[in-house]
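Heads up: the structure comes next, in structure tokens.
Read the figures in this text as sums done on the coordinates, not as results from a lab. From a predicted model like this one, the values you see are computed outputs, not experimental measurements. Every residue, glycine among them, receives a Cβ derived from its backbone with ideal geometry; neighbour counts consider all protein chains shown.
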Amino acid sequence: MLENTTMTQAPGEQQRSQGAAGTARSLASEGAADQRTVFDLELIQRYDQSGPRYTSYPTALEFDPAFDENRYKQVCQATNASGRPLSLYFHIPFCDTVCFYCACNKIATKDRTMVQPYLDRVYKELAMQSALFDDDRVVEQLHWGGGTPTFISAAQMRELMAETRKQFKLADDDVGEYSIEIDPREAKGDTIALLREIGFNRMSLGVQDFDPRVQKAVNRIQSQEETFAVLDAARREGFRSISIDLIYGLPHQTAESFMETLEQIIAVGPERLSVFNYAHLPRRFMPQRRIDEDQLPPPQVKLEILQATTERLAEAGWLYIGMDHFARPDDELALAQRNGTLYRNFQGYSTHADCDLIGIGVTSIGKVGATYGQNRRELDEYYADIDGGRLPVFRGIELSRDDEVRRDVITRLICHFKLDFSEVERAWELNFQDYFGRDLAKLEGMQADGLLEIDSSGIRVLPKGRMLIRNICMAFDAYMEAKQGQGGFSKVI
Ligand SMILES: C[S@@+](CC[C@H](N)C(=O)[O-])C[C@H]1O[C@@H](n2cnc3c(N)ncnc32)[C@H](O)[C@@H]1O
Ligand code: SF4
């Protein structure tokens, strides 16, 4: 039987958090973030609703075709005066087989001859993008996502990185955060060595669940042996901050079965873990229609899985960073959260806050200056643009000042679980209470429920509110009322 309220905290956290509790103080003046999380079942059930994951604000639902190639070029060139570092995202859309749960932008194919024509377009896009940015702007962050980036051959991986180095100035290994998403079924020991050699130093491994019944139901058969062989190789080669992806809410899962997978993961001790809530949107994602809905765990079981997972990970020494992410207390993400430098972007949480992000490849989204821009989503349209010498940006958004202010507030809350009004006032030359009076009023119920504290200096998210940080951020989302009821978002839990 589950208890309604359970406290989860990492070893060593107790003393600090108890010291902060109960004393008279101003919320904004508090030092290191309190990194405890409390799982309150009743509250989580009550607040469970659809909402954005805030990898961007405004979300992609607000993107508009008025933001086109020409405007994108102007914006990019204008950012050169800042000299800001760059971040490069490459989308490799191909997968050998489709996992039925998948909500990513992918193309399932056995035909590996599709890769070279795609990469040839990517090289042309790289050259066009590089022409927009000053040569001395350093790429501090680079990510290959998918799909399955290792679907491409070893020679193609080398070539893609070599082409990138021709067009952009990459940072040294100790500065650059160069990461790749790995499907262990598509990577062997020598692939990992190659990836390290060409410059990658971080990776995430897709696992989801080791239970054979679950794997069969979602069409992803993957053994522990092949998974951990990749993890061992990554450690041997000197990859840092290795992350593992799991999903809860898949067919046949129970708290008990999921804990078996989790114990195996804990035993190998990755620095980071992403435990995603299965987003079941079969109208949007065709392969999900092949999942038998009768086999999906009911909401109560999903909550049991989430509770058991948060508690077990805390006991085993992982901190809840926020929004599905866990990290060891000594990992960069946890450190960045403690010292106030954590940031959130399309890849989740990050320690590189102020980069301009260039999205390369089909469907990729970039964030340059105060804009977001997205590349064409269909392969033939992407090819047609590139072949015609055009950058394939087809929609996006220029943030208004209000968007920027709200993005800043949401980012601070989602990364640090607290908000110092005076910092926002200084950054944006406004009076917080005047500007956000209506939004603050929306938080009153949450304050009464013990999710957060508000005083004249700021907001502090309490341990019970950490799992519900999306709901708290939604109070500051100016598009929320219009978006609710459109069905475009997954549930918060
Ligand atoms: C692009 S995939 C990772 C790389 C590689 N393709 C793989 O599957 O191993 C990104 C991650 O998104 C997560 N994911 C995919 N579809 C999801 C869904 N419907 N709900 C929640 N998470 C999902 C999975 O955990 C997956 O590992
Ligand atoms: S989860 Fe990964 S391997 Fe599976 S279909 Fe999605 S992108 Fe491809």
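Key figures for this structure:
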read-out: Potential extension, R165-E225 segment - 0.36 nm per residue separation minus Cα distance; value: 18.1 nm
read-out: For the chain: relative contact order, % (alpha-carbon pairs under 8 angstrom, 6 or more apart); value: 23
read-out: Placed amide H near A108: partners under 5 Å, 5+ positions off or other chain; value: C95
read-out: Gain in span if fully extended, N80 to R377, counting 0.36 nm per residue against the direct Cα distance; value: 104.2 nm
read-out: Ranked list, fewest to most other Cβ atoms within 10 Å of each Cβ, for K216, K188; value: K216, K188
read-out: Inverse mean reciprocal Cα-Cα distance (Kirkwood Rh) of the stretch 312-428, Å; value: 16.5
read-out: Mean residue ellipticity (222 nm) of the chain, computed from DSSP H runs ≥ 4 via -39,500 (n - 2.57), nearest 500; value: -10500 deg cm²/dmol
read-out: Pairwise FRET efficiency - T351 versus E444, Cβ, R0 = 51 Å, nearest 0.05; value: 0.90
read-out: Overall form of the stretch 49-179 per C-alpha gyration tensor (a/c, 1.5; a/b vs b/c); value: oblate
read-out: Distance between the stretch 217-293 and the stretch 96-150 - C-alpha centres, whole angstrom; value: 23
read-out: Two-decimal Rg to Rh for the chain - Kirkwood Rh, Cα set; value: 0.94
read-out: Cα-based equivalent ellipsoid of the stretch 350-491: semi-axis lengths in Å, sorted from largest, via gyration tensor; value: 35, 17, 14
read-out: Two-site FRET efficiency, R236 against D434, from Cβ-Cβ distance with R₀ of 60 Å, rounded to 0.05; value: 0.60
read-out: For the stretch 140-202, the Rg and Dmax computed from alpha carbons only, in angstrom; value: 11.2, 32
read-out: Fully extended contour minus Cα-Cα distance, from Q116 to S422, at 0.36 nm per residue; value: 104.9 nm
read-out: Percent antiparallel among DSSP beta bridges (both partners in the chain, rounded to 5); value: 45
